[in-house]
Amino acid sequence: MRRAVCPGSFDPVTNGHVDVITRAAALYDELVVAVLVNPGKAGLFTVDERMELLREAVADLPNVVVDSFTGLLVDYCRSHDLPVVVKGLRAVSDFEYELQMAQMNRELAGIETLFVPTAPQVGHLSSSLVKQIATFGGDVSRLVPKGVLDRLLAKRETS
């Protein structure tokens with residue numbers, strides 16, 4: 001069985017994330033989408049909320065499993081028998097950083113990395129930009145799945 005992991009903070013999940021996840025899911029028998037738990041960083045959404053939003057966003061992909069992890073990605077990969085990491089690339093700057101991480105993951109644990117360039121229509125998206133636009137009342141309806149949009153609007157109303 002071919003398995004891979006697609007890690008990230010997903011705070012919040014964007015249509016760019018969904019694009020990469022959908023395309024990677026077509027390549028593997030099982031794709032684990034793993035939300036990084038960073039105890040030192042408070043996100044807009046809790047880890048449980050991010051996992052719930054991801055499950056909603058990929059509900060039509062039966063071979064995708066959503067999970068979370070703390071610590072090193074290579075340790076998570078080893079303990080879950082995941083030999084491949086899938087990473088989306090938006091720009092050259094993403095590649096430079098992700099290449100270094102891929103080389104380190106291979107050196108530390110023999111984990112391979114598959115880079116998936118985002119589709120042009122979502123290549124400009126980032127969770128940070130989506131949060132900033134939403135915070136100031138901008139329209140992000142074309143940038144995120146509907147469940148995320150609803151939660152972003154609810155958070156804006158309560159703040």
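Tabulated data
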item	result
Answer residue from the stretch 1-22, given it is under 8 Å from the mean Cα position of the chain (by Cα) and in a strand (DSSP E or B) and is nearest to Phe115 (Cα to Cα) among those	Cys6
Among (1) of a type in the set (A, V, I, L, M); (2) under 19 Å from Leu27 (Cβ atoms); (3) open to solvent by 40 Å² or more (accessible area, probe 1.4 Å) - the single one Ala102 does not satisfy	(3)
First in the stretch 99-119 and among the β-branched types (Val, Ile, Thr), second anywhere and surrounded by 14 or more Cβ atoms within 10 Å (Cβ to Cβ) and part of a loop (DSSP other than H, G, I, E, B), Cβ under 6 Å, 6 or more apart	Thr118/Arg90
Condition check for Val84: closer than 25 Å to Glu52 by Cβ and either aromatic (Phe, Trp, Tyr) or open to solvent by less than 30 Å² (accessible area, probe 1.4 Å) (or both)	no
Boolean, Val148 is open to solvent by less than 40 Å² (accessible area, probe 1.4 Å) and touching a His at 6+ places or on another chain (Cβ under 9 Å)	no
Residue list for the stretch 106-139, restricted to those being in contact with a Ser or Thr (Cβ under 9 Å, 6 or more places away or on another chain) and open to solvent by less than 60 Å² (accessible area, probe 1.4 Å)	Val122, Leu125, Ser126, Ser127, Val130
Only one of Val65, Val74 that is open to solvent by 20 Å² or more (accessible area, probe 1.4 Å), farther than 20 Å from Leu149 by Cβ and not hydroxyl-bearing (Ser, Thr, Tyr)	Val65
Among residues of the stretch 55-71, those that are touching a helix residue (DSSP H, G or I) at 6+ places or on another chain (Cβ under 8 Å) and within 17 Å of His17 (Cα to Cα), counted	9
Number of the condition not met by Met51 [criteria: (1) of a type outside the set (Gly, Ala, Ser); (2) out of contact with any helix residue (DSSP H, G or I) (no Cβ under 8 Å at 6 or more places or on another chain); (3) open to solvent by 40 Å² or more (accessible area, probe 1.4 Å)]	(3)
The lone exception for Leu143 - which of (1) part of a helix (DSSP H, G or I); (2) closer than 21 Å to Arg50 by Cβ; (3) open to solvent by less than 70 Å² (accessible area, probe 1.4 Å) it fails	(1)
Scan of the stretch 11-54 for residues that are touching a residue at least 40 places away in the same chain (Cβ under 8 Å), more than 17 Å from Lys131 (Cα to Cα) and aliphatic (A, V, I, L, M), ordered by number	Val20, Ile21, Ala24, Leu27, Leu31, Val32, Ala34
Hits in the stretch 23-42 - residues which are surrounded by fewer than 18 Cβ atoms within 10 Å (Cβ to Cβ) and either under 13 Å from the mean Cα position of the chain (by Cα) or closer than 26 Å to Gln121 by Cβ (or both)	Arg23, Ala26, Leu27, Val37
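The values are calculated or read from the model by the stated rules, or taken from the named source; none is laboratory data. Nothing here was measured: the structure is a model prediction, and the numbers come from that model. Because the Cβ atoms are built from the backbone with ideal geometry, glycine has one as well, and the counts that use them run over all protein chains shown. Just the protein is used for accessible areas: all its heavy atoms, side chains included, with ligands, DNA and RNA removed. Shrake-Rupley method; radii C 1.70, N 1.55, O 1.52, S 1.80 Å.
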